[in-house]
Amino acid sequence: MERCNGNYLVGYTDLHGSLDCVADWRGSEKLCFDMLVEPDMIHKLIEIANEHFLAVFDEFDSMLKEHGQPSVTWIGIPALGKNHIPSCDFSNMISGEMFDEFYLPSLQKEIKHMTHNIFHVDGRGVANHLDRILGQPEIQAIQWVQGMGHDTPILQWLPLIKRVQEAGKSVVIDLAVSELDDFIAGMDRKSLLLCIDAPEDIQPDILKRIEKW
């Protein structure tokens, strides 16, 4: 921030409390066993992971505000207030019941502390819990990350994206240029933010295609 001189936005680092933090400590395979045989220990570890999470977030947030910066994260979407990207990538390995027991209380505490929340849904495993995530009124948007290989192309995920829209949430989507026309044909444009990685020379054409939409 001392060097940016108002020429660019500075974002706070990627922050993880709760179950993803515990997964880093224990390792995903060990954590899966721990949740079955030592759930009380895992609840204690989650408490430790969460103990200073919001204070750390607020420290970064206050630094941004002192320099007149909006709240910006690794996702690159600026906002006023407190802008947060909650996530639990480890949840792709657990049931809905375990999601409710081990993660949902932490999520609810996090998002109630923030002004804006864009939940990072990383692939089909995390999407198993989508209805639980959409049921949180403090979450305004979903970042859908479809994955690679058999999880492409994006068209197979249009029903999921429509579910998010029908729940009254916005959707952030990474979209290949080759998928744009078919995506436009199959989707309502409301509440969408398309992130399209394209060479500079074809960007005007992409913008014209989207403006017609």
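Bear in mind that the values in this text are calculations on the coordinates, not laboratory data. These numbers come from a predicted model, not from an experiment. Cβ: placed from backbone, ideal geometry, glycine included. Neighbour counts: every protein chain shown.
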Rounded to whole angstroms and listed largest first, the alpha-carbon spread of segment 42-178 along its three principal axes comes to 43, 37, 27
Expected max-MSF residue from LEU158, LEU15, LEU192 in the GNM of the chain (alpha carbon, under 10 Å) is LEU158
Dividing the surface of the Cα convex hull of segment 1-74 by four yields a projected area in nm² of 5.7 nm²
Listed residues ASP188, ASP197, ASP89; largest mean-square fluctuation, Gaussian network over the chain with Cα springs below 10 Å, found at ASP197
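What ranking, highest mean first, results for peptides 90-98, 121-129 when packing means the other Cβ atoms within 10 Å averaged over each residue?
Details: 90-98: 17.3, 121-129: 19.4.
Per-residue Cβ counts within 10 Å, averaged per peptide and sorted highest first, yield 121-129, 90-98.
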log10 I(q)/I(0) for segment 31-109, Debye formula on C-alpha points only (no solvent), q = 0.17 Å⁻¹, two decimals, reads -0.78
Note: GLU200 to GLU97 extended length (0.36 nm per residue) minus current alpha-carbon separation gives 32.4 nm
When the charge dipole of the chain is computed with +1 on Lys and Arg Cβ and -1 on Asp and Glu Cβ about the Cα centre, the Cα farthest towards its positive end, among ILE48, THR13, GLY27, belongs to THR13
From DSSP H assignment alone, runs of 4+ in the chain each adding -39500 (n - 2.57), the sum over residues rounded to the nearest 500 puts [θ] at 222 nm at -12000 deg cm²/dmol
note: segment 113-213, Cα-Cα separations exceeding 21 Å make up a percent value of 35 percent
Residue by residue through segment 203-213, the couplings from Karplus 6.51 cos²θ - 1.76 cosθ + 1.60 with θ = phi - 60°, in Hz, x for Gly and Pro, are 4, x, 5, 4, 4, 5, 5, 6, 4, 5, 4
Once normalised by the length of segment 1-127, the mean sequence separation of its alpha carbon contacts under 8 Å that are 6 or more apart gives a contact order in percent of 28 percent
If every Lys and Arg gets +1 and every Asp and Glu gets -1 at its Cβ, then about the Cα centre the chain yields a dipole, in debye to the nearest 20, of 640 debye
Ranked by GNM mean-square fluctuation in the chain (Cα springs under 10 Å), the top entry among ILE42, ILE118, ILE202 is ILE202
Sequence order, segment 16-28: Karplus ³J(HN,Hα) from phi using 6.51 cos²θ - 1.76 cosθ + 1.60, θ = phi - 60°, Hz rounded, Gly and Pro as x, gives 9, x, 6, 5, 5, 5, 5, 5, 5, 5, 8, x, 4
